[in-house]
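What follows is a single structure, written as C-alpha cells, with notes after it.
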Amino acid sequence: MKVNALSNFWTEVFDATRGTREYFGLQSSLDYLIGEKFIGRVDSIAVEDMPALVAEIQNIFTEAELEDYMDRLAAMKYRGWRLSRDNRTESRTCELNRYRKARELLLPIESPKSKS
C-alpha cells in the first residue's frame, strides 16, 4: 500500500479490517470496510486517492469475495430500490448511487463475450 497516498484514517481502517477479519471473520471485515466505511464515503474520496484505496481493498479481499459481498448486499439491502426524484426517497437514491459507484470501482466490468 502507498501509505503516503492515503490518509491516516484509511490506514487505520485497513489495519482494523485485517484485525476484524482475523478475529471475527470475512463477513464482519467486509461489513466494516465496504459496508460501513467505503460505500458511505465513496463520493467524498479524492479522485487522486481512489486508485491506491481500491488497490488496497483488492489486496485485502479477493475479487470473488468482493463480488459475493456486493451481490449479497444488493439482494438484501437494495432489492426493489429505484432511483427517484421524490424527496421522500432522496436518501435512498443517494445510498443506492454510492453502492453502484463502489461496485464499479471495486469489480472489473465483464464484457458480454467473457460471460459466454
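Here residue 65 qualifies as surrounded by 14 or more Cβ atoms within 10 Å (Cβ to Cβ) and of a type outside the set (Lys, Arg).
Condition first: within 13 Å of residue 61 (Cβ to Cβ) and surrounded by 14 or more Cβ atoms within 10 Å (Cβ to Cβ). Now tell me which residues in region 11-25 satisfy that. Reasoning before the result, please.
First, pick out the residues of region 11-25 that are within 13 Å of residue 61 (Cβ to Cβ): 14, 17-18, 20-21, 25.
Residues satisfying the conditions are 14, 17, 20, 21.
Each value in this text was obtained by applying a stated rule to the coordinates, not by laboratory testing. None of these values were measured; they are calculated from a predicted model. Cβ atoms come from the backbone with ideal geometry, glycine included; neighbour counts cover every protein chain shown.
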